[in-house]
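Here is the structure we will look at, set down as structure tokens.
The values are calculated or read from the model by the stated rules, or taken from the named source; none is laboratory data. No experiment lies behind these values; they were computed from the predicted model shown. No Cβ is skipped: glycine too gets one built from the backbone with ideal geometry, and neighbour counts run over all protein chains shown.
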Ligand SMILES: [Zn+2]
């Protein structure tokens with residue numbers, strides 16, 4: 001269905017310029033073409049901002065739409081739709097967006113998560129590498145990649161389509177507990193059938209980096225100014241990444257929440273991708289309380305682009321406030 005819609009969109013995109021030239025003002029497009037408007041393409045998706053002496057570049061990986069049914073496991077769909085409507089989001093399906101931060105510290109070039117990686121032509125995701133280049137950065141210059149957890153949308157960009165390293169000169173830093181879980185053969189054999197491919201996928205993504213993967217415990221530093229902090233629940237070793245230069249702080253929360261309009265506003269919503277819903281909720285409250293109280297900046301992998309801003313405490317939940325966009329920062 002998704003594939004068919006995409007193909008129709010692509011066909012319409014090719015047809016559109018011809019239509020524009022041929023149709024006199026006010027003319028009606030034929031009904032079949034009118035039903036499939038061309039997707040509106042955006043310019044390359046990256047956004048730069050400063051954090052002390054560091055530069056943060058938010059690299060958009062694209063977005064995809066998923067069914068809303070079942071997305072929140074512990075609330076009726078009407079309640080989920082009401083919450084989305086409060087943020088003026090569509091209520092018939094959910095758009096999941098993906099954005100990975102890149103930190104330039106002056107000494108190191110550090111990518112936080114990698115996006116969906118190589119994709120078939122026409123895919124709406126997998127754009128981190130292309131946006132990295134659009135921002136004037138060569139993947140070969142990346143010195144470190146820090147991974148929050150091993151779900152495909154975060155690690156698949158580690159490899160190119162042929163399975164080789166996308167970041168040939170980078171050291172890969174991973175949460176110790178996450179590495180332990182996904183490399184544990186007993187855990188793999190205990191896992192439900194549907195989860196098995198995720199274990200094989202993790203092994204394939206790290207394979208070209210043998211000898212260059214370093215495990216980090218809670219609080220350990222990746223490079224000066226960037227450290228990991230345990231935030232379990234979404235996965236057994238899911239971690240957030242704290243970036244600081246002087247007094248300025250940014251917390252990259254990865255999947256502490258999916259879209260903030262859902263599980264930040266309603267921390268009690270248990271998202272279908274959270275492996276331990278109750279632990280994920282407790283983590284959400286703890287991490288967002290700290291971010292709000294310390295007024296630090298926040299970036300989230302599934303936040304609306306440019307996916308960086310602040311988090312305000314509001315009632316029982318939190319409101320994401322995007323960073324002010326400026327043409328020159
Ligand atoms: Zn994710």
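Which members of the stretch 85-96 meet the condition of being surrounded by fewer than 21 Cβ atoms within 10 Å (Cβ to Cβ) and either in a helix (DSSP H, G or I) or within 16 Å of the ligand (Cβ to nearest atom) (or both)? Spell out the reasoning first.
Of the stretch 85-96, the ones surrounded by fewer than 21 Cβ atoms within 10 Å (Cβ to Cβ) are 85-93, 95-96.
Answer for the stretch 85-96, where residues must be surrounded by fewer than 21 Cβ atoms within 10 Å (Cβ to Cβ) and either in a helix (DSSP H, G or I) or within 16 Å of the ligand (Cβ to nearest atom) (or both): 85, 86, 95, 96.
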Looking at residue 261 and the list (1) more than 15 Å from the ligand (Cβ to nearest atom); (2) out of contact with any strand residue (DSSP E or B) (no Cβ under 7 Å at 6 or more places or on another chain); (3) at positive phi, which single condition is not satisfied?
(3)
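I'd like to verify a number: residues in the stretch 150-195 that are assigned to a helix (DSSP H, G or I) and touching a helix residue (DSSP H, G or I) at 6+ places or on another chain (Cβ under 7 Å), how many?
If we filter the stretch 150-195 for residues that are assigned to a helix (DSSP H, G or I), which is where we start, we get 152-158, 176-182, 185-190, 193-195.
Next, from what is left, pick out any that are touching a helix residue (DSSP H, G or I) at 6+ places or on another chain (Cβ under 7 Å): 152, 155-158, 181-182, 187-188.
Here the count works out to 9.
Quick one: how many residues across the stretch 141-157 are under 14 Å from residue 110 (Cβ atoms) and either more than 11 Å from the ligand (Cβ to nearest atom) or outside the structural domain of residue 221 (by TED's automatic domain parsing) (or both)? Walk me through how you get there before you give the answer.
Taking the stretch 141-157 first, the residues under 14 Å from residue 110 (Cβ atoms) are 141-148.
Still in the running and either more than 11 Å from the ligand (Cβ to nearest atom) or outside the structural domain of residue 221 (by TED's automatic domain parsing) (or both): 141-147.
Adding up the residues that qualify gives 7.
Filtering the stretch 303-321 down to residues that are under 20 Å from residue 248 (Cβ atoms) and buried (at least 22 other Cβ atoms within 10 Å of the Cβ), which residue is farthest from the chain's Cα centre (by Cα)? Steps first, answer last, please.
First pass over the stretch 303-321, keeping only residues under 20 Å from residue 248 (Cβ atoms): 303, 306-312, 320-321.
Still in the running and buried (at least 22 other Cβ atoms within 10 Å of the Cβ): 303, 306-308, 311, 320.
Details: 303: 7, 306: 11, 307: 9, 308: 11, 311: 17, 320: 15 Å.
Going through the qualifying residues, I end up with 311.
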Just give me the residues in the stretch 158-172 being in contact (Cβ under 8 Å) with a residue 12 or more places away in the chain, more than 16 Å from the ligand (Cβ to nearest atom) and on the phi < 0 side of the Ramachandran plot, in sequence order.
159, 160, 161, 164, 165, 166, 167, 168, 169, 170, 171, 172
Condition broken by residue 229, with the remaining ones in (1) within 16 Å of the ligand (Cβ to nearest atom); (2) in a strand (DSSP E or B) satisfied:
(1)
Give the residue, chosen from 38, 75, that is buried (at least 16 other Cβ atoms within 10 Å of the Cβ), modelled with pLDDT of 95 or more, assigned to a loop (DSSP other than H, G, I, E, B) and away from the ligand (no atom under 16 Å from the Cβ).
75
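Looking only at the stretch 293-300, decide whether some residue is within 15 Å of the ligand (Cβ to nearest atom) and modelled with pLDDT of 95 or more. Outline the logic, then answer.
Taking the stretch 293-300 as the starting set, the residues that turn out to be within 15 Å of the ligand (Cβ to nearest atom) are 299-300.
Those still in the list that are modelled with pLDDT of 95 or more too: 299-300.
Yes, the conditions are met somewhere in the stretch 293-300.
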Residue within the stretch 244-260 that is under 22 Å from residue 323 (Cβ atoms) and assigned to a helix (DSSP H, G or I) present:
yes
Conditions (1) surrounded by 13 or more Cβ atoms within 10 Å (Cβ to Cβ); (2) over 18 Å from the mean Cα position of the chain (by Cα) -> residue 189 fails only (1)
